[in-house]
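Report on one structure; see the data block that follows.
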Amino acid sequence: MRHPLIHARRLPGSARGALLGAALLLAVALVTALGATTTPTAQADAGVPAVTTLPVCQTHLASRHIYDCAGLLTTEEVSALEAKAQAAQRAGAPVVVFLQAKDASYDQTLQDAADLMARWDVESQPGAKDGLVILLNLKPGDLRHGQVALYAGATLLAGALPQDELSRIYQDVMLPRLAAGQTAAGIGAGLDAAATDLRAGHPVTPPPAGQGVARAIGTIPLNIAAALLLLASLALGLTAWRRSQQRPAQALAPTAPPSQMLAPAVAGALVTGSVGGAQMQATILDFARRGLLALEPVSPRQAQIRLLSDGRGLTGYERVLWQVLAAQAAPEGIIPAERMYHVTTSWQPAMDALRDELLGRGWFDGERGRKRAPLIVVMVISLALAVVGVILGALAQQPWPFIAAGVSLIAGCVALGFMLAIPALTPLGDEMAQGARNYFAGLRANLPGANIGDALPWLVGAGLASAFAQRLRAASAQSATDFVAIYPIWLLAASSMTPPAAATSSVVATGAAVGGGGAGGAF
C-alpha cells in the first residue's frame, strides 16, 4: 500500500498548485497575527488602541518602566517616556508608569497604584519604600480621559515628594496636558517634575505673608508682655486676697438661732455672700413659721401654698415677695401645685429688693464691682494676648508665640481666682454674718442645746438643708409639733416650685479620617 504523501506527489498539476497557494496564504496569516500581538500597529498613530500582550502587563521587568496596557501610546511616545522614567530612577526613585483601560473612580485608581507598588515591589531595595507609581485608569471607548494617581512610597512622602508636592504635580503640571488629550506629554511632565524634586528637593513653599513680622513680635515682645501681665495679675490678686482675709475672729456663739437679729434670708445672703432663690425659699418657710401661709401636700409629689393672711405689716423684700405670692394665688388664696413654678420665675424683684436692703445697711460691699474691675481688665487682656499668640504662632511657625499665649492664659486664670476671692461683704457685714456662721457651726458639731427643729428656714437660706437632710428627716419623724415636722412637705413644695426643664436637643457630629500616600484625580 502506498504512503499518502507519496501518493500526493502524483497529483495532477492543478491540484498541486492549489495546495501550494493555500499553504502560502496560511503562512502570511500567521506572520500577520504574530506581528499584531508583539508590536503596536500604525493604527495607534490614528488613535486606535494597539494590542499589548497580556504577559507584559502582568510582569515587572527591571529594564522597563512604561506599561501601556491600553495600547494608547505610540512607539515613539513609549521610548521618550522610558527615557524620562530612567532619569527619574537615576535621581533616586524606581518608577513605574501603568496605563490600562478601566472605568474606575479616583479612590479605586489610587488603590490600584498602591496594589501595583506592593505586587511589583517598586522600590530600590527591600524595605526602602522609595518607589513612585503613576497609574492611569482610562475610560474604555475614550482613552484620552480617565483617572490618574501618583503613589509614592513612605520614604518619598517624608522627603522629596510629600503629599502637597504630589498634589502640585498633578494639579499644576500634569492635569492641563492630560485634560487636553496630550497623554504622553502629561505623563512626561509629571516624570520631569518628580525627577527635579528628587535631584534638588521639592519646591519650597514660600513663607506665609507676614511671617517675619510675626516672628519679630511673637518671640521677645509678646513674651515680655505676657510675663508683665502675669506679674500684674499676681500683684492685684494678692492685694485683693489680703484684704479678703481681714475678717473679725469670734469665738463660737451660742446655738440659739439668730432669729432675734437676722431673718433667714438676710442670714443666708450674708453667709453665702450672694442673693438668690435660696433666700426666697427661706422667706416662704419663715412665712409658714410665722403663720402667714400654710404648705399643704396635694399628692405624693406635689404641694400647694395657702395664704392665711393679707400680708399687711410686711416691709421691704418680704412685702415684694408676698405680692408675688398673692399674684399667683386663686381668689380663695390657694396657689395650686401646677402654678407653683410661676412663683420661682416671678420673684426676681424680691431678690433685687433684698440686695438693695443689704447694700443700704452697709453689709454688702457696693464697691465690689469697682474692686474687681482691674482684674477683669487683666482677664480680657490675657484672653486677647492668648488669641494673638496663637495667630502669631501659626504665622511664625515657631513655639515662642504659643508660650506667650500659655502664659497669658495663666495670668487670666490667676486674675479670675483672685477676683472671686474679693468678698461681697463689708467688714460690718462680715461681723453681722459671724453670728450665723457660729450658729451653723454649732449645728454641725451638734453642741448641747443645738435644736435643729427651729433651724429649717435658716438652713435653706444658707443652702445647707441638703447637708442636714438626714437629721431633718429624723427630727420631723419624731416630732409632730415642732416646726421641723414641715420638712417633708417643704420638699414637695420645693419640687413643685422647680420650673419645668426646657426642652434640649443634641447634635451628634460624625466625621471620617482621610489619608494615603498619593494624589491625583480626574482628567
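The values are calculated or read from the model by the stated rules, or taken from the named source; none is laboratory data. The structure displayed is predicted, hence computed values, not measured ones. So basically every Cβ, Gly included, is an ideal-geometry build from the backbone, and we count neighbours across all protein chains shown.
Points worth noting:
- Any hit, segment 93-112, residues being at pLDDT below 90 and either in the same structural domain as Asp68 (by TED's automatic domain parsing) or in a loop (DSSP other than H, G, I, E, B) (or both): yes
- Residues of segment 414-432 satisfying the condition of being surrounded by fewer than 22 Cβ atoms within 10 Å (Cβ to Cβ), in contact with a helix residue (DSSP H, G or I) (Cβ under 8 Å, 6 or more places away or on another chain) and of a type in the set (A, V, I, L, M, F, W, C): Leu416, Met419, Ala421, Ile422, Ala424, Met432
- Any hit, segment 143-151, residues being closer than 18 Å to Ala195 by Cβ, surrounded by 15 or more Cβ atoms within 10 Å (Cβ to Cβ) and not aromatic (Phe, Trp, Tyr): yes
- Cβ-Cβ distances below 6 Å connect the following pairs, each with a first residue in segment 261-290 that is closer than 20 Å to Tyr487 by Cβ, a second residue that is aromatic (Phe, Trp, Tyr) and surrounded by fewer than 21 Cβ atoms within 10 Å (Cβ to Cβ), and a separation of six or more residues or different chains: Arg289/Phe483.
- Test: residue in segment 141-153 that is touching a residue at least 40 places away in the same chain (Cβ under 8 Å) and not in a strand (DSSP E or B): yes
- Cross-chain or 6+ apart pairs with Cβ under 8 Å, segment 330-342 first and without any contact (Cβ under 8 Å) to a residue 12 or more places away in the chain, then surrounded by 11 or more Cβ atoms within 10 Å (Cβ to Cβ) and assigned to a helix (DSSP H, G or I): Arg339/Gln328
- Condition met for Gly181 (modelled with pLDDT of 85 or more, more than 38 Å from the chain's Cα centre (by Cα), buried (at least 20 other Cβ atoms within 10 Å of the Cβ) and over 30 Å from Val378 (Cβ atoms)): no
- Restricting attention to segment 113-130, the residues that are within 17 Å of Val148 (Cβ to Cβ) and touching a residue at least 12 places away in the same chain (Cβ under 8 Å) add up to 5.
- Residue ID - surrounded by the most Cβ atoms within 10 Å (Cβ to Cβ), chosen from residues in segment 300-319 that are free of Cβ contacts under 8 Å to residues at least 40 places away in the same chain and among the polar types (S, T, N, Q): Ser309
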